[in-house]
Amino acid sequence: MPHEGRTQAGQRPRPWRTGGLDVADVRTLLAGDAYADRVRADERRAVECGVTGVPSLVIDGRPPVSGVQAADGLRRLLSRRPAVPVE
């Protein structure tokens, strides 16, 4: 289909429909604040780690790097020894 995966102007894609999630549950989640505390905690930790944009990666406590990397770059980042001991 030539228009598969596209939405009409002004509409957001709704991947939960094809992902098998219950639509009512998704709407409840999006309308509420059930995960607000977790999100705020993640935001605080990102600031503490030095993240200033997204997507960013913090690997083994090292300074953040851009999450937009070619596969070879990601492979190199992940294969380096940790800068700090990992618990």
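The values are calculated or read from the model by the stated rules, or taken from the named source; none is laboratory data. The structure presented is a predicted model; accordingly, all values stated were derived computationally and were not measured. Backbone-built Cβ (ideal geometry, glycine too); neighbour counts: all protein chains shown.
Among residues belonging to the stretch 64-87 that are closer than 30 Å to R14 by Cα and in a helix (DSSP H, G or I), point out the one that is modelled with the lowest pLDDT.
Going through the qualifying residues, I end up with L74.
For residues that are more than 15 Å from the chain's Cα centre (by Cα) and basic (K, R), tally how many sit in the stretch 45-74.
1
Select from the stretch 50-62 the residues that are within 22 Å of R80 (Cα to Cα), out of contact with any Pro (no Cβ under 6 Å at 6 or more places or on another chain) and not aliphatic (A, V, I, L, M) and write down the one among them that is modelled with the lowest pLDDT.
G61
How many of the residues making up the stretch 15-63 are touching a strand residue (DSSP E or B) at 6+ places or on another chain (Cβ under 8 Å) and either in a strand (DSSP E or B) or farther than 30 Å from S79 by Cβ (or both)?
2
Condition check ((1) in contact with a Ser or Thr (Cβ under 9 Å, 6 or more places away or on another chain); (2) surrounded by fewer than 10 Cβ atoms within 10 Å (Cβ to Cβ)) across all residues:
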site: L21; (1), (2): no, no
site: L29; (1), (2): no, no
site: E48; (1), (2): no, yes
site: L57; (1), (2): yes, no
site: P64; (1), (2): yes, no
site: A70; (1), (2): no, yes
